[in-house]
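Undergrad: Pasting a structure here, questions to come.
The values are calculated or read from the model by the stated rules, or taken from the named source; none is laboratory data. Because the structure is predicted, anything quoted here is derived from the model rather than measured. Cβ placement follows ideal geometry from the backbone for every residue including glycine, while neighbour counts extend to all protein chains displayed. Just the protein is used for accessible areas: all its heavy atoms, side chains included, with ligands, DNA and RNA removed. Shrake-Rupley method; radii C 1.70, N 1.55, O 1.52, S 1.80 Å.
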Amino acid sequence: MAYIEIQTNRLVLKDIVPEDSERMFEYRSDPSIMEFQSFKPASIHDVEIFIKNNTAQFNVVNTWFQIGIYYEDTIIGDSGIHFLDPENQQCEIGYTIGKKDQHKGFGKESVQAIIDYIFTTLKKHRIVASVDPENTASIRLLKNLGFRKEGYFVKSVLIHGEWKDDMVLGIVEEEWQKMKK
């Protein structure tokens with residue numbers, strides 16, 4: 001297991017541990033959260049397997065690494081980094097904040113820190129995010145952080161037996177640096 005810790009003004013982003021399974025199941029199984037997620041746990045056991053499978057490797061091509069988002073020592077959400085291309089210069093990100101902790105700026109604060117970590121520490125070239133076009137809050141968050149729409153794909157993602165539209169937004173390292181200034 002890798003060890004990652006990113007601190008912001010209010011949050012700590014770090015490796016998820018099995019002890020977080022119950023709390024993670026609580027927010028990940030909320031129907032309003034599951035609406036835009038491909039991972040829809042039916043039990044705490046599903047979350048335990050998810051944590052085990054998504055925290056084993058870091059910065060390895062074709063793998064996801066899941067990071068917990070903690071506020072006052074409690075997990076309130078999680079974010080995944082997908083290491084994409086054979087040269088390992090591009091990543092995809094995803095993120096979830098539990099419903100009771102939304103609209104407090106935690107999403108923006110955590111995603112901003114992860115983007116900065118990917119560009120500054122990992123020295124990646126490009127980050128993309130794949131978003132359900134109906135998830136307007138997530139699209140707004142990404143655009144506020146400098147992402148631009150790169151594509152819209154009709155019924156291109158099969159999620160739980162249903163074809164869904166997909167919007168891809170992206171940002172390159174130079175754009176991020178300009179945005180930070």
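Undergrad: Hey, can you grab everything whose amide H is under 5 Å from the amide H of Ile4? Only 5+ residues off in sequence or another chain; H modelled, so Pro and N-termini drop out.
TA: Long-range HN contacts for Ile4: Asp15.
Undergrad: From the mean inverse distance of alpha carbon pairs (Kirkwood) and the Cα radius of gyration, derive Rg over Rh for the stretch 14-98.
TA: So for the stretch 14-98, dividing Rg by the Kirkwood Rh gives 0.97.
Undergrad: In Å², what does the accessible area per residue of the chain work out to with a 1.4 Å probe?
TA: On a per-residue basis, 53 Å².
Undergrad: If you take the Cα atoms of the stretch 33-83, find Rg, then find the Kirkwood Rh from the mean of 1/r over all pairs, what is Rg/Rh?
TA: Checking Rg against Rh, the ratio lands at 0.98.
Undergrad: Can you give the accessible area of Lys123 in Å² (nearest 10), computed on protein heavy atoms with a 1.4 Å probe?
TA: Number for this one is 140 Å².
Undergrad: With a cut-off of 16 Å, note down the residues of the stretch 35-62 whose backbone N falls inside the zone around a label point 7 Å from the Cα of Asn135 toward its beta carbon.
TA: 35-41
Undergrad: Please list the three semi-axes, largest first and in whole Å, of the ellipsoid equivalent to the stretch 94-181, using sqrt of 5 times the eigenvalues of its alpha carbon gyration tensor.
TA: Semi-axes, largest first: 23, 17, 11 Å.
Undergrad: Just the accessible area for His125, please: 1.4 Å probe, Å², rounded to the nearest 10?
TA: Around 80 Å² of this residue is reachable by solvent.
Undergrad: Note down the relative contact order for the chain as a percent, whole number, built from C-alpha pairs under 8 angstrom at least six residues apart.
TA: That works out to 17 percent.
Undergrad: Just one of [x] 70, 45, 35; [y] 52, 34, 29; [z] 40, 37, 34 is Cα extents along the principal axes in Å calculated from these coordinates, so which is it?
TA: Working out Cα extents along the principal axes in Å from the coordinates points to [z].
Undergrad: Using θ = phi - 60° and the Karplus curve 6.51 cos²θ - 1.76 cosθ + 1.60, what whole-Hz ³J(HN,Hα) does each residue of the stretch 31-38 get, with Gly and Pro shown as x?
TA: x, 6, 7, 5, 3, 10, 10, 7
Undergrad: First compute the accessible area of the stretch 134-176 with a 1.4 Å probe, then give the percent of it belonging to carbon and sulfur atoms.
TA: 52 percent
Undergrad: While we're on this one: Taking the full set of protein chains and a 1.4 angstrom probe, give the accessible area of Ser130 in square angstrom, rounded to the nearest 10.
TA: Solvent-accessible area, nearest 10 Å²: 60 Å².
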